[in-house]
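Trainee: Structure in structure tokens, see below.
The values are calculated or read from the model by the stated rules, or taken from the named source; none is laboratory data. Just so it is clear, the model here is predicted, and its values are computed rather than measured. A quick note on method: Cβ atoms are made from the backbone with ideal geometry, for glycine too, and the neighbour counts reach across all protein chains shown. These accessible areas exclude ligands, DNA and RNA; they are computed on the full protein's heavy atoms, side chains included. Shrake-Rupley method; radii C 1.70, N 1.55, O 1.52, S 1.80 Å.
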Protein chains: 2
Amino acid sequence: MKSTKKILLSESEMPKQWYNILADMPVKPLPLLNPGTNKPLLPEEMEPLFAKELTIQEFSGKRWHDIPEEVLHYYKMYRPTPLVRAYSLEKMLDTPARIFFKNESVSPVGSHKLNTALPQAYYNKKQGIKHLTTETGAGQWGTAMSLACKYFGMDLTVFMVKHSYMTKPYRKVMMNIYGSKVYASPCDKTAYGREVLAKDPDCTGSLGMAISEAIEMAVTHEDTRYVLGSVLNHVLLHQTIIGLEAEKQMEMAGYFPDKVIGCFGGGSNFSGVSFPFLRHKLTEGRALEAIAAEPASCSRLTNGEFKYDFGDTAHLTPLIPMYTLGNDFMPEQIHAAGLRYHGGGQIVSQLKKDGLVSSCAVDQKEAFKAGVLFAGTEGIVPAPESNHAIAVAIREAIKAKESGKAETILFNLSGHGHLDLAAYEAMV
Amino acid sequence: MKSTKKILLSESEMPKQWYNILADMPVKPLPLLNPGTNKPLLPEEMEPLFAKELTIQEFSGKRWHDIPEEVLHYYKMYRPTPLVRAYSLEKMLDTPARIFFKNESVSPVGSHKLNTALPQAYYNKKQGIKHLTTETGAGQWGTAMSLACKYFGMDLTVFMVKHSYMTKPYRKVMMNIYGSKVYASPCDKTAYGREVLAKDPDCTGSLGMAISEAIEMAVTHEDTRYVLGSVLNHVLLHQTIIGLEAEKQMEMAGYFPDKVIGCFGGGSNFSGVSFPFLRHKLTEGRALEAIAAEPASCSRLTNGEFKYDFGDTAHLTPLIPMYTLGNDFMPEQIHAAGLRYHGGGQIVSQLKKDGLVSSCAVDQKEAFKAGVLFAGTEGIVPAPESNHAIAVAIREAIKAKESGKAETILFNLSGHGHLDLAAYEAMV
């Protein structure tokens, strides 16, 4: 029996900087546009909405960004996270492939979302902001932001997509335990929510709508800013802590991955695990395939169109150059609510366009089947979102078996499924 | 800001033996009795019910027991677990006390129960047993045993106390994901269950009843044995892995605890964390208070009577010399279902009688308040059971503040509360 499964870093080995892939992209993404003027958006135009430091990061071309001491302190509540060699899964699949996963489910909120929630709360706090607003789809992001705000002593209002609010009631309880206010979106707390409800009182919401409500509340209240859990460059930047740790850990294991896989919603999880490895592809030409695992019902990168589009339904965000299914696209009610988003974001879309990352679509039945197989071999019941990455890792491991190649596969286990068991009950 | 929070051991530093406190007890416990003859029970009398190796461990006076290679292999899926210095909690309480907790919630099933589920499945498998039966209160034990059986390729039937089955439906889903059959107890699958239901069709069950049903099914089916998640000596033995790791980790931190605290149901969690430290009290006379945190509604050690009593309601177990509230005691329906048990078990009861461990009762309101405080400072939402230990740790930290003593407090975070959020919703 193989004896070492977990590859651990000590707290002192935790990376002290985040990696900005913009610095190394051969083709820089097109700029965000101000929808009023159709001119490139300036950092200062984002300041009414976001903390200043975050807008600077959003537009930065600098390769490395120092992680503030206070953020490192809270990262140490759960980081560095383990890298695990999935020997039991390999054995079950009878594959020559080496399968590794980065276990972000050990975070106290159960997902990778805390990696960016902490710096976002910190930079806002530092600027003197007192209240924050945000939206949440599956509830993972809202939970992470709730804990981050609790740590930094700020208050938070969360607009939770109504469908998730109803089907995942315990996410709300967890946010309440951390002290946040949670509204089912669309709701009557915003003009946009009231407008939607007037047209369709039974509307169960979407991530795009919830974003619109959270933005509206932020810009219409004093000392209030908005925070977003994915899509934006500064969010992707913060999430690179995942891949930077994994890079050190893979080196300790003695392998460089042939395939790096992350599920793809707004892009933060996929970017977090893959960008630090992609750096070696971009700067040294190392062979590596980074695969975004999309839900079949919402596969922007795989089946969307590359164009300028809004990030939300009410057209309050800048115009983003990205693969999109259209900002009015109403995705099917899949259980992986965290992946239900119409757009691919600025950076990942450009990388996809240039053939530097790939994507594929996974049906949710295949995803849950993969999750159950993983639970029975590696023990952890994964989040429905993470199941998409596991499904693609399994596809690749089976391909490796067919071709007889001892490939090295790395995927990100973005979260656990303890609060998604109703979905398993329905699907298994 | 304090910089190191987690004290980690590498997989190679994981203890290779369990510790048996019986070897060091100044007064040995009275023997178990065969209720038919009133004579001391012999190991072979337990063999129709338990795997032979487990009955040997049950009666063993040997100080150290080797952990089998196969068990070590699966332990490494989640062990060694972190020891954490709770700096944020200390700061919030403004206490001079140093508070440490052992984080058993990182196990894939979310609690310490896997520590004994794995060896129990292993020894049964080794003996050629194909089917196992057990009961579960809160569902933590049933979940752990389900995963252990999945790993070792055995099948498992779980009798889940009906009240928990109804209030914690997702525990059942998790057991199903791992491949187990789960029945709400009392049920019509056993003669005893049918008898209870005939008298009271609305009976919501108790741990004692569920034990009776699981035992009946084991002894009336071929190639089938019963496994128990607490109370028995071999279970306590397996759980000492917690305290043995913590002992090394506390040494790395540079402190020996003044107080070691565990919540107390059947005793496995309390014994697991405290026995390896108690060894130094028993053999070297080191000062140390080991405190069992009982629920006020079911406080056997604190308010029970020391006498011979059955471990179950149908009188199928041996007679156990222990503090008990009576085997027909029907505990209040508290949210910490894992602590609802009438007896204190043989070893811990004897230690309590001899003044070597202490106990105290915690009201569930105080417990949940402690849990929410802990979640807001250390991030993790604890299991309702673990909240009892946290409440006592907080009491001790406040006492330390009042007396100005920089005491060292260690408690076991036996599990997380992700599947207990309905309880938080009701209590917070």
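Trainee: Against the longest alpha carbon principal axis of chain A, how many degrees, from 0 to 90 and to the nearest 10, is the axis of helix A:114-126 turned?
Mentor: Tilt of helix A:114-126: around 40 degrees.
Trainee: Let me ask something else. Taking a label point 7 Å from Cα toward Cβ, how far is A:D188 from its twins in the other copies, in nm, shortest first?
Mentor: 4.8
Trainee: Using a 10 Å cut-off on Cβ atoms, rank the peptides A:397-403, B:387-393 from the highest mean neighbour count down.
Mentor: B:387-393, A:397-403
Trainee: How would B:R395, A:R79, A:R225, B:R194 line up by accessible area, probe 1.4 Å, largest first?
Mentor: Reading off the accessible areas and sorting them downward yields B:R194, B:R395, A:R225, A:R79.
Trainee: For the protein assembly as shown, what is the convex hull volume of its Cα atoms per residue in Å³?
Mentor: Per residue, the Cα convex hull of the protein assembly as shown comes to 147 Å³.
Trainee: Please compute the Kirkwood hydrodynamic radius over region B:121-237, one decimal place, Å, based on all pairs of different Cα atoms.
Mentor: Evaluated on region B:121-237, it is 14.0 Å.
Trainee: What lysines does B:K28 reach when the alpha-carbon gap must be under 20 Å and sequence neighbours fewer than 8 apart in one chain are set aside?
Mentor: B:K39, B:K62, B:K281, B:K307, B:K352, B:K353
Trainee: On each of the three principal axes of the Cα atoms of region A:282-384, give max minus min coordinate, whole Å, ordered largest first.
Mentor: Largest to smallest, the principal-axis extents are 44, 41, 19 Å.
Trainee: Next question. Roughly how crowded by other chains is peptide A:379-388, in terms of the mean Cβ count from those chains within 10 Å of each of its Cβ atoms?
Mentor: 3
Trainee: Going Cα to Cα from A:K16, which aspartates and glutamates come in below 20 Å? Please leave out same-chain ones fewer than 8 positions away.
Mentor: A:D24, A:E53, A:E58, A:D66, A:E69, A:E70, A:E104, A:E245, A:E247, A:E251
Trainee: Note down the relative contact order for chain A as a percent, whole number, built from C-alpha pairs under 8 angstrom at least six residues apart.
Mentor: 20
Trainee: Moving to a separate point now. Please report the antiparallel percentage of the DSSP beta bridges confined to chain B, to the nearest 5.
Mentor: The answer is about 35 percent antiparallel.
Trainee: Which stretch or stretches of region A:301-320 have amide N atoms under 15 Å from the point lying 7 Å from A:N38's Cα along the Cα→Cβ direction?
Mentor: Answer for region A:301-320: A:308-309, A:319-320.
Trainee: Rank by packing, highest mean first: peptides B:173-180, A:197-204, with packing defined as the count of other Cβ atoms within 10 Å averaged across residues.
Mentor: Ranking the peptides B:173-180, A:197-204 by packing returns B:173-180, A:197-204.
Trainee: Would you work out what percent of the accessible area of chain B, with all protein chains in place, is carbon or sulfur (probe 1.4 Å)?
Mentor: Here carbon and sulfur together make up 52 percent of the probe-accessible area.
Trainee: Could I ask something else about it? Tell me, what is the Rg over Rh of region B:343-427, with Rh the Kirkwood radius over Cα pairs?
Mentor: Computed over Cα atoms, the ratio is 1.02.
Trainee: Here is a further query. Can you tell me what share of the DSSP beta bridges in the protein assembly as shown is antiparallel? A percent to the nearest 5 is fine.
Mentor: 35
Trainee: Separate question: Where does helix A:384-403 land angle-wise versus the long Cα axis of chain A, in degrees 0 to 90, nearest 10?
Mentor: The helix A:384-403 is inclined about 30 degrees to chain A.
Trainee: Region A:356-428 to region A:33-48: how many Å between their Cα centroids?
Mentor: 39
Trainee: Then there is this: Using the alpha-carbon atoms, what tilt in degrees (0 to 90, nearest 10) does helix A:233-253 show relative to the longest principal axis of chain A?
Mentor: Relative to chain A, helix A:233-253 is tipped by roughly 10 degrees.
Trainee: Can I ask one more? How many nm separate the modelled label positions at A:D94 and B:D363, each set 7 Å beyond the Cα in the direction of the Cβ?
Mentor: That separation, rounded to one decimal, is 6.2 nm.
Trainee: Give the span of chain B's Cα atoms along each principal axis, as three whole-Å numbers ordered largest to smallest.
Mentor: Rounded to whole Å, the extents work out to 60, 46, 41 Å.
Trainee: May I pose another question? Give the separation of the Cα centroids, region A:198-241 to region A:126-186, in Å.
Mentor: 11
Trainee: Using DSSP to define loop residues, name the GluC sites (Glu not before Pro) in region B:318-393 whose beta-carbon has at most 10 other beta-carbon atoms within 10 Å.
Mentor: B:E332
Trainee: Let me ask you something else. For region A:1-53, state the average projected area of the convex hull of the C-alpha atoms over all orientations, rounded to one decimal in nm².
Mentor: That works out to 8.1 nm², a quarter of the Cα hull's surface.
Trainee: What number, in percent, do you get for the relative contact order of region A:15-174 if the mean sequence gap of Cα pairs under 8 Å and at least 6 apart is divided by its residue count?
Mentor: Over region A:15-174, the number comes to 17 percent.
Trainee: Enumerate the lysines that A:K189 could reach by cross-link, defined here as Cα to Cα under 25 Å, with residues fewer than 8 away along the same chain left out.
Mentor: A:K189 reaches A:K125, A:K130, A:K150, A:K162, A:K168, A:K172, A:K181, A:K199.
Trainee: Take B:T220 and A:D354, extend 7 Å from each Cα along the Cα→Cβ direction, and tell me the distance between the two endpoints in nm.
Mentor: Taking the two extended label points, one gets 7.1 nm.
Trainee: Step through the residues of region B:417-427 one at a time and calculate ³J(HN,Hα) from phi using the Karplus curve (6.51 cos²θ - 1.76 cosθ + 1.60, θ = phi - 60°), rounding each to whole Hz and writing x for Gly and Pro.
Mentor: x, 4, 9, 10, 6, 5, 5, 4, 4, 6, 9
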